[in-house]
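Working notes, beginning with the structure itself.
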Amino acid sequence: MLFDQAVDIPEIFKSERVSVTLIEGKARYNLRVKAADVTAFKKSTGLKLPSKIGSSSLSKVVSCLKLGPDEWLVIANSTQQKKLDKVFEKASKDFICSITDISHRNIGFEVSGELAAKLINVGCPLDLSLTAFPVGKVTRTIFESAQIMLLRTGEDSFHVECWRSFAPYLRDYFKRVMTTRY
Amino acid sequence: MFEIHCPYCNEKRAEIEFSYAGEAHIVRPNAKQQPVMSDEDWSRYMFIRDNIRGEHAERWWHNAGCNMFFNAIRNTVTDKFVMTYKMGSPRRTAKQIDVARETNTADKAKT
Ligand SMILES: [Zn+2]
């Protein structure tokens, strides 16, 4: 990979009750599709685009996250990239839409363990109780002063995504909290 | 810090996720008007604002959230938000603002 900024992130921080892992090998796309085209777009691409802001359709292969009224983030295994590139190439001809490959723009962390929500709450004021932020909920928000995307993948696990250049900042912040508290 | 209700996310979110974006309901001159507008007309459109003391219709941007602009009625003296509503919907009337204010007070009394 040519983008070596932030690649020196060690893969894992682990303590008994919480761990932070770098998520590798993902293809990411940002989609902007007009409301009137969504149904046809879903049919054409076969993607399960959720309709409510903040909701997601999660799978091991391709996950679709709705971030805004007409905006989705698609995160897939990198093995799917060639196939998705083709699907999107066709869709971009059939629809007036915006599809941007942001695979290398973002870095993902998995934060998991019984203290995962607590660790995130050190830098983020969202209510992360299971009622207010259930499994599958996603949103863009702020962690300390960096913009992140936060997705709950399980009761005790989160996917935190940020721009590549913000990743060392997040890594060091997680590390500082973990070494001083847990 | 306080929370602002985003009409697109339909959730109250922390103030730090939002940016203020100036007075609301200022209509950009259309393509026909633009060529015949004087410098004075332009300066009025670009720079002249009401700067009112009290309940002010203004734009906010949920930039660290759904990334949408929306409108809000906020009291510039107390910093209290009376209501927020989606971009493109008409300016709220004094009566609608009164109703929203009373509902807020009633909701607050309940909790
Ligand atoms: Zn929002």
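The values are calculated or read from the model by the stated rules, or taken from the named source; none is laboratory data. As the structure is a prediction and not an experimental result, all values here were calculated from the model. Quick reminder, even Gly has a Cβ in these numbers, built from the backbone with ideal geometry, and neighbours come from all protein chains shown. Surface areas here come from the heavy atoms of the whole protein model, side chains and all, with no ligands, DNA or RNA. Shrake-Rupley method; radii C 1.70, N 1.55, O 1.52, S 1.80 Å.
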* Packing rank of A:36-49, A:115-128, where each peptide gets the mean count of other beta carbons within 10 Å, highest leading -> A:115-128, A:36-49
* Asked: Which aspartates and glutamates does residue A:137 reach when only Cα atoms under 19 Å apart count, and residues fewer than 8 places away in its own chain are ignored?
  -> A:70, A:71, A:110, A:114, A:127, A:155, A:156, A:161, B:11, B:17
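Under a 1.4 angstrom probe, counting protein chains only, how are A:110, B:17 ranked by accessible area, largest first?
Numbers: A:110 70, B:17 5 Å².
The most accessible residue leads, giving A:110, B:17.
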* How large is ³J(HN,Hα) for each residue in segment A:66-74, as worked out from phi by the Karplus curve 6.51 cos²θ - 1.76 cosθ + 1.60 (θ = phi - 60°), to whole Hz, x for Gly and Pro? -> 9, 9, x, x, 10, 10, 10, 10, 10
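Placing unit charges on C-beta atoms (Lys and Arg positive, Asp and Glu negative, everything else neutral), compute the dipole magnitude of the protein assembly as shown about its Cα centre in debye, rounded to 20. Numbers along the way, then the final one.
Details: 44 positive and 35 negative charges, 156 e Å.
Its charge dipole is roughly 760 debye.
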* Under the Cβ-under-4.7 Å rule, which cysteines of the protein assembly as shown stay unpaired? -> A:64, A:97, A:124, A:162, B:66
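Given contacts defined as C-alpha pairs under 8 Å and at least six residues apart, what's the relative contact order of chain B, whole-number percent?
Values: 146 pairs, mean separation 26.3, N = 111.
That works out to 24 percent.
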* Within straight-line cross-link reach of residue A:90, lysines at Cα separation under 18 Å, skipping those fewer than 8 residues along the same chain -> A:34, A:42, A:43, A:48, A:82
* Structure fact -> Here Rg/Rh (Cα, Kirkwood) for segment A:26-101 equals 0.92
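Can you count the Lys pairs in segment B:3-110 with C-alpha separation below 16 Å, eight or more apart or on different chains? Write down the numbers at each step before the final one.
Numbers: B:12/B:80; B:12/B:86; B:12/B:108; B:80/B:108.
Pairs that pass both the separation and distance tests number 4.
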* Structure fact -> Taking Cα atoms, the helix A:81-94 axis meets the longest principal axis of chain A at an angle in degrees (rounded to 10) of 40
* For the protein assembly as shown, go through all pairs of different Cα atoms, get the mean of 1/r, take its inverse, and jot down that Kirkwood value in Å. => 21.6
* Hey, could you grab the Kirkwood Rh for chain B? Inverse mean 1/r over distinct alpha carbon pairs, Å, one decimal. => 15.5
* To do: Work out how far the C-alpha atoms of segment A:71-182 reach from end to end along every principal axis, then list the three figures in whole Å, largest first.
  => 51, 31, 25
